There are 2 protein chains.
Amino acid sequence: MTLLRRVVIALGGNAMTGPDGSATPRAQRDAIAVAARHIAEVVATGVQVVLTHGNGPQVGNLLVKNELAAHVVPPVPLDWNVAQTQATIGLTIADELDACLAARGLPQRTAAVVTRTLVDAGDPGFSTPTKPVGRFLPREEAQRFIALGQNWEDRGPRGWRRVVASPEPLSVIDVPAVNALVTAGFVVVCAGGGGVPVVDEGHDGTALHGIEAVIDKDLTAALLAGELGADTLVIATDVPNVMIDFGTPAQRPLGAVTAAELRGHAAAGQFARGSMGPKVDAALRFVDGGNSADTQRRAVITSLEHISDVVTGDDVGTVLTAL
Amino acid sequence: MTLLRRVVIALGGNAMTGPDGSATPRAQRDAIAVAARHIAEVVATGVQVVLTHGNGPQVGNLLVKNELAAHVVPPVPLDWNVAQTQATIGLTIADELDACLAARGLPQRTAAVVTRTLVDAGDPGFSTPTKPVGRFLPREEAQRFIALGQNWEDRGPRGWRRVVASPEPLSVIDVPAVNALVTAGFVVVCAGGGGVPVVDEGHDGTALHGIEAVIDKDLTAALLAGELGADTLVIATDVPNVMIDFGTPAQRPLGAVTAAELRGHAAAGQFARGSMGPKVDAALRFVDGGNSADTQRRAVITSLEHISDVVTGDDVGTVLTAL
């Protein structure tokens, strides 16, 4: 097999929240401690490692804090909340991973970079917000926020929930900094929560500013992996493989798969929109974006426990290649 | 004069809050936009620039949010709050400074690094907390938090206030990452709020974890500047010079001063403990820490408006050298 050089690993919620989805500081730290052991195994193989991660429950908690303290301290915009989760999750990954690396006698250390992702102010997501964030509230309470200009939707028996734009990531603005750190030997945590969404009203970098939105973390991971020249994108989740005919008697795991095959499954509606769908989409985008002069790109969707097996070449997970 | 190569600039509260101390997102962004223009002038001279900053009002706001939402979402520890302010301030500096750099046609861009600062779990600050944080509350409300294990003090007519440990910074853990970025040509924002305080229970990097404390940002700036091999530390504040006999008819600004002279003034009680004192202390620590083989170290305390004059060698501010 091809020698791996640079791997981007996208950590899912299970790598940083409790088994019940709990996002207390303790639960986050405990989950990250487990993830760090698996990540250190990957670093030990000698590949360059870049980590990115989700932040749904963490952003949800910050939105509640904004709301409940608004009569005393000014709420901060959603893009600042994304940045805040990059810091707390990045910090905790750095502490836990550095401890694992030091314990293994490895020289690498971890750096967490606050990361901005460029989006288009004209993205259809802004006129039609679809991504639910934060807690469920009864209709009457939701209407108070609707009056303030927020979008809320009736989500059924659990109540109403705020929906925000989830624009397409166009470019990870801080890739040059991430690249400098990776090249210098650091494991880098970046683009958490898909990155802090920013628009550039100057269209030349002269008028960057944050915009209230959240970006799909797997789609940003695919973009990041391409921009960093990674050969492998690993999407670490809570299942070892993507499933076909999931939940039916014909259910079966996908192993090695080509882009054409996976695209066929996606077109047949095999993958749930808010769940496996974006991961499959991200994997396809990364592999499709490779050109023949590159080392052949590979995207792997598997469980956190298997990420080091991916790198050592063991037969694990759903492994997507162009051909 | 000596050619400057690497400058650490410590930005005070006036660089990131409104003229009335307001820390709304808008006020923070407006203040940072002004600071960014001055910083871009420094970058334009060709020196390497590392930025650090305070975060008092921002941490105060987060503590209130923790408190008022505690019945719905889990509070996060104070060290996480410090990390959160590094992200929001770092992000905003990066947006505003990148816009100024792009507008000037300069190639440098900004990177914000989540930064940990090592402290000693045995620091006397932990047994005798002295640093006030967050909002004032009436005694009855303060006692609710005292019952939870927090330290609160009667601060007079405005009420009670939480006090936390402010331990000595021993080492900025993420200096190697900052150094890699600066060397690669980035302007780096780091160690905001003095850095996220961490202790190492393993004493060899194998058991890092955050601890509830805040570190003096100027003392960390001095440490950071030394560890990064900077030749100049600039402490940007809201006055052009350190004053002697401040508030008396004999009041006069300090210009060029040696370490021995400044130490004499400090010993004579010229500098207020929570205000100019730590800045003078930081300047002395940086200059004292230089050895003769280095480019001679220089520490400058002046107003934000003058930071580029410091670099171009104009006669501004209080300029401390060893001899």
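Please give, to one decimal in nm, the separation of the simple spin-label points placed at B:THR45 and B:LEU170, each 7 Å out from Cα toward the Cβ.
Output for this residue pair reads 3.5 nm.
Starting from a label point 7 Å past Cα on the Cβ side, list the distances from B:SER22 to the same position in the other copies, nm, shortest first.
The projected label point of B:SER22 is separated from its counterparts by 4.1 nm.
How many Lys pairs in the protein assembly as shown lie less than 16 angstrom apart by Cα atoms, where the lysines are 8 or more positions apart or on different chains?
Lysine pairs satisfying the spacing and distance rule in the protein assembly as shown number 7.
Label position 7 Å from Cα toward Cβ: report the copy-to-copy distances for B:GLY159 in nm, one decimal, ordered from shortest.
Taking the point 7 Å beyond Cα along Cα→Cβ, the inter-copy spacings are 2.7 nm.
Within a 10 angstrom radius of the beta carbon, how do A:SER166, B:SER275, B:SER22, A:SER303 rank from fewest other beta carbons to most?
Working: A:SER166 23, B:SER275 11, B:SER22 14, A:SER303 18.
Taking fewest neighbouring Cβ atoms as first place, the list is B:SER275, B:SER22, A:SER303, A:SER166.
Using a 10 Å cut-off around each Cβ, can you sort A:LEU233, B:LEU254 from fewest to most neighbouring Cβ atoms? Walk me through the intermediate numbers first.
On the way: A:LEU233 29, B:LEU254 19.
Arranged by neighbour count, lowest to highest, A:LEU233, B:LEU254 become B:LEU254, A:LEU233.
Just name one of B:ALA225, A:ALA33, B:VAL59: the one whose Cα is farthest towards the positive end of the charge dipole of the protein assembly as shown (beta-carbon charges, Lys/Arg +1, Asp/Glu -1).
Positive-most Cα among the choices belongs to B:VAL59.
Please list, ordered by chain and number, the residues whose modelled amide H lies under 5 Å from the amide H of A:VAL196; skip anything fewer than 5 residues away on the same chain.
A:THR115, A:ARG116, A:THR117
Mind checking the mean number of beta-carbon atoms from other chains within 10 Å of the Cβ atoms in A:73-85?
Values: counts 12, 8, 4, 10, 3, 0, 3, 8, 3, 3, 11, 11, 3.
For this peptide, the per-residue mean of nearby foreign Cβ atoms is 6.
Give me a comma-separated list of calculated 3J(HN,Hα) values for region B:298-313, in order, Karplus coefficients 6.51, -1.76, 1.60 applied at θ = phi - 60°, integers in Hz, x for any Gly or Pro.
Residue by residue, region B:298-313 yields 9, 10, 10, 10, 7, 7, 3, 4, 9, 5, 6, 5, 4, 6, 7, x Hz.
Using a/c under 1.5 as the rounded threshold, could you call the protein assembly as shown rounded, prolate or oblate? The axes a ≥ b ≥ c are square roots of the C-alpha gyration tensor eigenvalues, and prolate needs a/b larger than b/c, oblate otherwise. Mind dumping the intermediate values first?
Details: a/c = 1.86, a/b = 1.52, b/c = 1.22.
Prolate is the answer for the protein assembly as shown, as a/c is 1.5 or above and a/b outweighs b/c.
Report the label-to-label distance for B:GLN143 and A:ARG144 in nanometres (one decimal), using points 7 Å from each Cα along the Cα→Cβ vector.
3.0 nm
Apply 1/(1 + (r/R0)^6) to the Cβ-Cβ distance of B:ARG263 and A:GLN296, taking R0 = 60 Å, and write down the FRET efficiency to the nearest 0.05.
Numbers: r = 64 Å, r/R0 = 1.07.
For R0 = 60 Å, the calculated efficiency reads 0.40.
Based on alpha-carbon centroids, what's the gap between region A:1-66 and region B:200-220 in Å, whole number please?
22 Å
Order by neighbour count: A:THR85, A:THR321, A:THR248, B:THR302, fewest other Cβ atoms within 10 Å first, most last.
Numbers: A:THR85 27, A:THR321 16, A:THR248 9, B:THR302 21.
Ranking A:THR85, A:THR321, A:THR248, B:THR302 by Cβ neighbours within 10 Å, fewest first, gives A:THR248, A:THR321, B:THR302, A:THR85.
If I take R0 = 56 Å and measure r between the Cβ atoms of A:LEU106 and A:ASP154 in this structure, what FRET efficiency does the formula 1/(1 + (r/R0)^6) give, to the nearest 0.05?
Values: r = 51 Å, r/R0 = 0.91.
Once rounded, the FRET efficiency stands at 0.65.
Label position 7 Å from Cα toward Cβ: report the copy-to-copy distances for B:THR321 in nm, one decimal, ordered from shortest.
Its label point is 6.5 nm from the equivalent points in the other copies.
Taking H as built 1.01 Å from N, whose amide H comes closer than 5 Å to the amide H of A:VAL189, not counting residues under 5 places away?
It is A:LEU51, A:ALA111, A:ALA112, A:VAL113, by chain and number.
Once you order the gyration tensor axes a ≥ b ≥ c over the Cα atoms, which shape class does region A:231-323 get: rounded for a/c under 1.5, otherwise prolate or oblate by comparing a/b with b/c? Numbers along the way, then the final one.
Details: a/c = 1.85, a/b = 1.25, b/c = 1.49.
Taking the square roots of the gyration eigenvalues as a ≥ b ≥ c, region A:231-323 is oblate.
Which is farthest toward the positive dipole end of region A:56-195 among A:LEU148, A:VAL114, A:VAL172, measuring Cα position about the Cα centre, with Cβ charges +1 (Lys, Arg) and -1 (Asp, Glu)?
A:LEU148
Just so you know, all these numbers are worked out from the coordinates, no wet-lab data involved. Here the structure is a predicted model, which means the values were calculated and not measured. Virtual Cβ from ideal backbone geometry, glycine too; neighbours counted across all protein chains shown.
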